[in-house]
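What follows is one structure encoded as structure tokens, with my remarks underneath.
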Amino acid sequence: MSELARTNIHEYLAELEDIPGTRVYTTKRARQGYWLNQFAMSLMKAKNREAWKADEAAYLADWPMTQDQRDAVLARDYNLLLDLGGNIYYLAKVFSTDGLSFLQAVSTMTGMSTEDYQDMMINGGRSPKGLRSIKEGT
Amino acid sequence: MARITVGIGTSHVPAIGAAIDLGKTKDPYWKPVFDGYEWTKTWIENEKPDVIVLVYNDHATAFDMDIIPTFAIACSDSFKPADEGWGPRKVPDIHNHADLAWHIAQSCILDEFDMTIVNNIDLDHGLTVPLSLMFGQPEEWPCKVIPIAVNVVTYPPPSGNRCYGLGEAIARAVESFDEDLNVQIWGTGGMSHQLQGPRAGLINPEWDQKFLDNMTANPALLRAIPHIEYLRETGSEGIEMVMWLIMRGALGDNIKELHRHYHVPASNTAVGHIVLEKTS
Ligand SMILES: [Fe+2]
């Protein structure tokens, strides 16, 4: 069984947008967020992290990002950054430079306190029930 | 002749690596995660694999937005653990079986799996955490490692079916290599987890356990799982599990489950681990 039915690209992409509270990192978002993510990637280097910490706005000015993207980075608004083409593995360079763990940074996107979010994880995490599909409400 | 004897699946959560490096494995939070690997650590000492084909993904470490290979095989002689922003993990360098790696690359390409060949790459937690889980903290890793990197970050990643087929092609490549080698293949990442958006923290133990069951019970079902099912059922980062299908595809029809471990949580993630032995 190596042949499966050919995927319809339009149906495939539409389904990716039908998941509650999720931004799938599609080619469209990858194009929109190219410089945002490459800026974040630059923070992998210690020298760049120093320059960034010394003056965040000046550091961002050197990158050809949109002003919306710059403002959202300065505000550490990670949900908005996802909407503007950010990808979590790239944005991780920003929050790890801030000294935040994945758990701490991820919790800021959920509307929960970090403590409540961590408790939820220790108690088994978030159930997929009702969060599988926007259309179907399942 | 080289032969694949065993497949191992495991999560590769970065916080697990940090817990090992900081000596926290006996902490109440971490102990249940690590206890489930004790069986494998003892067992693998006797297995003594010569080479591990280690399927992992790079998390915006060596590959950024400039180059996004779907399937890449690393062919140079050795590799350093990557600096992911807070200094490289203090683990040994990783040594390749470069002859076998180049052989797998050429065999897979002729088999119509068009691999990207990489010769200069630092390896991130996706590759080093599984090594630490299975081998602890040795001075040197006890075997050679052939890294195979899969894009599971930018959509679309390869289909599960394609991953399974690549595993089959890797097995053919290994079997046609003219050196007596005990080769294991490891698939890493997952299980259910979501690291982004208001839905972050999603965990689905029922789905994860079924996936582990079907490694032996019905692998044909696994290869047909579409991306959207991983996304809906296992969270946006659960898609990493397609990498387990490369491992499963390389094992052929007859296998036996030797060991299984499942624990929630490690950080944001459901930890899954399975050991599968090829029986013929
Ligand atoms: Fe990963």
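Using just its DSSP H runs of length 4 or more, each adding -39500 (n - 2.57), chain B gives a mean residue ellipticity at 222 nm of -10000 deg cm²/dmol after division by all residues. Based on Cα contacts under 8 Å between residues 6+ apart, the stretch A:23-100 shows a relative contact order of 48 percent. Here the 3J(HN,Hα) profile of the stretch B:206-218, calculated from phi with Karplus coefficients 6.51, -1.76 and 1.60 at θ = phi - 60°, is 4, 5, 4, 5, 5, 4, 5, 4, 6, 3, 9, 6, 7 Hz, Gly and Pro shown as x. Accessible area ranking (1.4 Å probe, heavy atoms, ligands and nucleic acids excluded), largest first, for B:Ser132, A:Ser96: A:Ser96, B:Ser132.
Along chain B, the exposed loop sites are trypsin sites (Lys or Arg not before Pro) outside DSSP states H, G, I, E and B with at most 13 other Cβ atoms within 10 Å, and the longest stretch free of them is B:91-280. For B:Lys26 and A:His10, the FRET efficiency from 1/(1 + (r/R0)^6), where r spans their Cβ atoms and R0 equals 41 Å, is about 0.20. Of all beta bridges that DSSP places with both ends in the protein assembly as shown, some 45 percent have antiparallel geometry.
Under the shape rule built on the C-alpha gyration tensor, where the axes satisfy a ≥ b ≥ c, chain A is oblate, since a/c reaches at least 1.5 while a/b does not exceed b/c.
Using a cutoff of 8 angstrom between alpha carbon atoms and counting only pairs six or more residues apart, the relative contact order for chain B works out to 32 percent.
Residues of the stretch B:96-115 falling in the label zone of B:Arg172, defined by backbone nitrogen less than 11 Å from a point 7 Å along Cα to beta-carbon, are B:107-113.
Among residues other than B:Val183 whose Cβ falls under 14 Å from its Cβ, what is the net charge (Lys/Arg +1, Asp/Glu -1)? Neighbourhood net charge equals -3.
Comparing B:Tyr262, B:His125, B:Gly252 along the charge dipole axis of chain B, the residue lying farthest to the positive side is B:Tyr262, per the Cβ-charge model.
Working note: Karplus 6.51/-1.76/1.60 with θ = phi - 60° gives the stretch B:63-74 the couplings 9, 10, 6, 6, 9, 10, x, 5, 10, 10, 10, 8 Hz, where Gly and Pro are set to x. Two decimals, Cα atoms only, Kirkwood Rh: what is Rg/Rh over chain B? Taking Rg over the Kirkwood Rh, I get 0.92. Calculated FRET efficiency, B:Lys48 to B:Ile109, Cβ-Cβ distance, R0 = 51 Å: about 0.95 to the nearest 0.05.
Entry for the stretch B:13-114 at q = 0.21 Å⁻¹: log10 I(q)/I(0) = -1.31, Debye formula applied to identical alpha-carbon scatterers, no solvent contribution.
Using a cutoff of 8 angstrom between alpha carbon atoms and counting only pairs six or more residues apart, the relative contact order for the stretch B:135-216 works out to 11 percent. Counting every C-alpha pair in the protein assembly as shown, the share spaced more than 36 angstrom apart comes to 21%. Rounded to whole numbers, the Karplus 3J(HN,Hα) couplings from phi for the stretch A:58-65 are 5, 4, 5, 4, 6, 9, x, 9 Hz, using 6.51 cos²θ - 1.76 cosθ + 1.60 with θ = phi - 60°, and x at Gly and Pro.
Near B:Leu181, the amide H atoms lying under 5 Å from its own belong to B:Ala2, B:Arg3; only residues 5 or more places off or on other chains count, and H is placed 1.01 Å from N. Residues whose amide H lies under 5 Å from that of A:Tyr25, counting only those 5 or more places away or on a different chain, are B:Tyr155; hydrogens are built 1.01 Å from N in the peptide plane. Dipole magnitude for the stretch B:101-182: about 300 debye, using +1 per Lys or Arg Cβ and -1 per Asp or Glu Cβ, origin at the Cα centre.
Kirkwood hydrodynamic radius of the stretch A:23-100, from the reciprocal of the average inverse Cα-Cα distance over all distinct pairs: 12.3 Å.
The values are calculated or read from the model by the stated rules, or taken from the named source; none is laboratory data. Note that the structure is a prediction, hence the values are computed from the model and not measured. Positions of Cβ are backbone-derived with ideal geometry, glycine not excepted, and every protein chain shown enters the neighbour counts. Accessible surface areas use protein heavy atoms only, side chains included; no ligands, DNA or RNA. Shrake-Rupley method; radii C 1.70, N 1.55, O 1.52, S 1.80 Å.
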